[in-house]
Amino acid sequence: MAVVYRIPIHTEQDIVLARQTGRNIAKDLHFGNIVQSRIATAISELARNIFLYAEKGSVTITPIKQGEAIGLRIVAEDHGPGIGDIRKAMEDGYTTSGALGAGLPAVKRLMDEFSIQSIPGRGTVVTVIKWSD
């Protein structure tokens, strides 16, 4: 399970590539169709945030194992402006881009584990994990 997939995010096409890569890995790990869709949606949201707010960064997808459980760890990292108020950014409906404001809260709901670190002026790292059912 040591294979790591890193997708640089610079363009909208990179968002699609990251999403497809995540779905394909989830399928290879025998995640069900619904979970594959959740993973793909979460990756899409995270990659889109990089594209919209930081302009460039990366999404790293790593299959993991803990005991008998199989999982997928996704790390979205950028060196953009960072998030000034993480608590506010985690509220449903909050947006600074005019979008729906569902991004980070939706990602948190879709995944089993969620963590975010952000330093204004330095960047943001969001780490999520989805375990097989």
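A compact table of results
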quantity: Neighbour-count ranking [beta-carbon atoms within 10 angstrom, fewest first] of ARG87, ARG109, ARG23; calculated: ARG87, ARG109, ARG23
quantity: Approximate spin-label separation MET90-GLN20, in nm, with each point projected 7 Å along Cα-to-Cβ; calculated: 3.4
quantity: Separation in nanometres of the label points that stand 7 Å from Cα toward Cβ, at LYS65 and HIS30; calculated: 1.2
quantity: Largest to smallest principal axis extent of the C-alpha atoms in the chain, angstrom; calculated: 39, 26, 23
quantity: C-alpha long axis of helix 33-49 to longest principal axis of the chain, angle in °; calculated: 30
quantity: Relative exposure of LYS56, LYS65, LYS108, LYS130, judged by other C-beta atoms within 10 Å (fewest first); calculated: LYS65, LYS56, LYS108, LYS130
quantity: Extension gain from GLU55 to ARG109, taking 0.36 nm per residue of separation minus the Cα-Cα distance; calculated: 16.9 nm
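A short reminder: the numbers here are calculations on the coordinates, not readings from a lab. Values in this document were obtained by computation on a predicted structure and should not be read as measured data. Here Cβ is always computed from backbone atoms with ideal geometry, including for glycine, and neighbour counts include all displayed protein chains.
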